[in-house]
1. Going by the conditions given, is L217 over 30 Å from I81 (Cβ atoms), open to solvent by 90 Å² or more (accessible area, probe 1.4 Å) and in contact with a helix residue (DSSP H, G or I) (Cβ under 9 Å, 6 or more places away or on another chain)?
2. Among the residues that make up segment 74-89, is at least one of them free of Cβ contacts under 8 Å to residues at least 60 places away in the same chain, touching a strand residue (DSSP E or B) at 6+ places or on another chain (Cβ under 8 Å), open to solvent by less than 50 Å² (accessible area, probe 1.4 Å) and not acidic (D, E)?
3. Considering I94, I98, I105, I56, which residue is touching a residue at least 60 places away in the same chain (Cβ under 8 Å), of a type in the set (A, V, I, L, M) and in a loop (DSSP other than H, G, I, E, B)?
4. Find the residue count for segment 25-66, including only residues that are at pLDDT 90 or above and within 30 Å of D97 (Cα to Cα).
5. For segment 133-162, give me each residue that is surrounded by 22 or more Cβ atoms within 10 Å (Cβ to Cβ), touching a strand residue (DSSP E or B) at 6+ places or on another chain (Cβ under 8 Å) and not hydrophobic (A, V, I, L, M, F, W, C).
6. Would you check which residues across segment 178-201 are modelled with pLDDT of 90 or more and either under 10 Å from M142 (Cα atoms) or not in a helix (DSSP H, G or I) (or both) and list them?
7. Counting just the residues of segment 1-15 that are within 15 Å of M88 (Cβ to Cβ) and more than 20 Å from the chain's Cα centre (by Cα), which one comes out modelled with the lowest pLDDT?
Amino acid sequence: MQKWKQAFQVAKLELSYSWQGFILCLILTFFLSFLFIYNLDAYLNTQVMGYDLLFITFFFLGFVWAKPNYFQLQHQSSGFIAAPVFLMQLQLPIEQDILIKSRFIVYFFYSLPWQICFLILFYASSINEVLSVTAYLIFSIMWLSVTLYAGTIFPINDAGEQGFFSTKIGGILGALLYFSIVFIFMFPIYILTNHGIVYWSIILAQKWPWLAATISLIIGFTAVNVHQVYMKKKINKLDYL
């Protein structure tokens, strides 16, 4: 826990200059909340795949792209992309584990607060007729865990990315690949069950709440630790000169 506190002190520099991005995050959170709330009944009745795709993307990506430009990934002269603030901090006498944790904290600030805000609005405005308070807490844990085991791949990219996916074309193809993988994952579920991911997460929260929450949290916190180890290996492997 002490290292996380120290990492927060490192992350505060970037977070203190991100207030404009956070205002944008708040506005977009209310906008997305309206979309999800307004279309919930239609989704439960017709199972529109776009609802699931947007829901997954929101909990996977968060609003990490809303960071100010000078904190975004940028091309470096050595031929890879990385976060300039991270490269600067690498030159400072900061313990590597603390520096890595600081990148995760920044990502969490661009995802978890806004996702929690959405989940509160979502329950208060619509889904409270479908799920009890307890079941909805389980539902929320399941989806916030997506941020832990899937979304935490984004802080790793701050350390640097080389090769094809560091180019503009590679970035575009990478985004298309993401949507293709999600679609391929969701499509059989639709075909076999005639229901989508969000629908089945509601069912899991109703019928197997503690099992679903436990598995989600175990996978989530395990992934956070694994991703930190992977990021450390990546830092030691890349040539930053």
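1. On the way: over 30 Å from I81 (Cβ atoms): yes; open to solvent by 90 Å² or more (accessible area, probe 1.4 Å): no; in contact with a helix residue (DSSP H, G or I) (Cβ under 9 Å, 6 or more places away or on another chain): yes.
No: the conditions fail for L217.
2. Yes, that holds for at least one residue.
3. From the options I94, I98, I105, I56, the qualifying one is I94.
4. Count: 3.
5. Matches in segment 133-162: D158, G160.
6. S201, the sole residue that qualifies.
7. Ranking the qualifying residues of segment 1-15, first place goes to L13.
The values are calculated or read from the model by the stated rules, or taken from the named source; none is laboratory data. In this text the structure is predicted, and so the values were computed from the model without any measurement. Heads up, the Cβs are rebuilt from the backbone with ideal geometry, glycines too, and the neighbour counts pull from every protein chain shown. For accessibility, only protein heavy atoms count, side chains too; no ligands or nucleic acids. Shrake-Rupley method; radii C 1.70, N 1.55, O 1.52, S 1.80 Å.
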